[in-house]
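Chemist: I have a structure here, written as structure tokens, and I will follow up with some questions on it.
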Amino acid sequence: MKKYLFAATVVAALFSLCSCNSNDGPEPEPVGDEWLDPEFGTMLQQLGYISDETTATPTDIKNITELKIPAPDAHEERLTSLRGIEYFTGLKVLKCNNHHITELDLSHNQELVSVNCSYNDLTSLNISGCSLMDSLDCSANNLTTLDITSSSEITYLNCSSNALESLDLSNAPKLDQLYCYTNKLTDIDLSHNTALTWLFCYQNLLQGIDISHNTNLEWFYTLYNPGKDGFFVVKAWFEEEDVPDNFTYSDWKVEGEWVIITYEKAI
């Protein structure tokens, strides 16, 4: 009986050992340009983030916390893709401005705090899930939409010089500086952004604006919006005669027609 028990124990042990050997090894990972854009990989190698882009794996980059890709000189090639950025799961800071990147999906980079992707050719930017985002500069691109509703910690947003028609700021209560000038915004709701101190919203399609909830504002520029019937009405927390310094006060022309700015205290 003891022999049978011993044999059964040995068989069980061998079976367990075989199972461990077959399942506990590292999963095969994609290499080369299967997962990483080749030009992006070359740049990472040149900057010392990886040793060899042809053999690099996602494991090699998952713990990188800062990725700063310098703007190229006039004779250097500009990146068009950051394919593989989704494997930088520990990334907190990303700087990739002044390239020709057309789309950027950062939804897997949920540790991000600061992103500068300005002066690219972006038509799509996905930061869903980036709940820790504090600073975003996506200015000078070709964006028609921008969703920052996942980023409730954001304090600095520069989305100027795009083609945005709307901007939802309802989940950005800590927003301190907003640069949304030179877009196609027809309306902007700032009632949830009471921490705002800088607001540059000039050269949009605004008929007027309500800043009555933004009593911390120190800088406010709203020139070159079309207004309505020749007037641009600003609803504020103060009377017309008490307009603060560094607030737009001079009238302007749009398509040859004068637009007169007026401030009205909200009731």
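The values are calculated or read from the model by the stated rules, or taken from the named source; none is laboratory data. Here the structure is a predicted model, which means the values were calculated and not measured. Ideal geometry is used to build each Cβ from the backbone, glycine not excepted, and the neighbour counts take in all protein chains shown.
Chemist: Only one of (1) closer than 19 Å to Asp187 by Cα; (2) under 30 Å from the mean Cα position of the chain (by Cα); (3) surrounded by fewer than 17 Cβ atoms within 10 Å (Cβ to Cβ); (4) not acidic (Asp, Glu) is not met by Val254, so which one is it?
Modeler: Result: Val254 fails condition (2) only.
Chemist: For the range 126-146, which residues satisfy the criterion of being touching a Cys at 6+ places or on another chain (Cβ under 8 Å) and under 21 Å from Pro72 (Cβ atoms)? I'd like the intermediate steps shown before the answer.
Modeler: Our first condition is that a residue be touching a Cys at 6+ places or on another chain (Cβ under 8 Å); within the range 126-146, this holds for 136-139, 141, 143, 146.
Asp137, Cys138, Ser139, Asn141, listed by residue number.
Chemist: Restricting to the range 60-91, name every residue that is surrounded by 14 or more Cβ atoms within 10 Å (Cβ to Cβ), among the polar types (S, T, N, Q) and farther than 24 Å from Asn142 by Cβ.
Modeler: Residue satisfying the conditions is Thr89 alone.
Chemist: Can you tell me which residue is surrounded by the most Cβ atoms within 10 Å (Cβ to Cβ) among those in the range 212-237 that are over 11 Å from Thr248 (Cβ atoms) and aliphatic (A, V, I, L, M)?
Modeler: Just the residues of the range 212-237 that are over 11 Å from Thr248 (Cβ atoms), to begin with: 212-218, 226-231, 233, 235-237.
Imposing the further condition that a residue be aliphatic (A, V, I, L, M) reduces the set to 217, 233, 236.
Numbers: Leu217: 20, Val233: 17, Ala236: 24.
Once the filter is applied, the top-ranked residue is Ala236.
The rows are residues; the columns are (1) at pLDDT below 95; (2) surrounded by 12 or more Cβ atoms within 10 Å (Cβ to Cβ); (3) β-branched (Val, Ile, Thr).
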{"site": "Ala7", "(1), (2), (3)": "yes, no, no"}
{"site": "Val11", "(1), (2), (3)": "yes, no, yes"}
{"site": "Asp33", "(1), (2), (3)": "yes, yes, no"}
{"site": "Pro58", "(1), (2), (3)": "yes, yes, no"}
{"site": "Val93", "(1), (2), (3)": "no, yes, yes"}
{"site": "Cys96", "(1), (2), (3)": "no, yes, no"}
{"site": "Val113", "(1), (2), (3)": "no, yes, yes"}
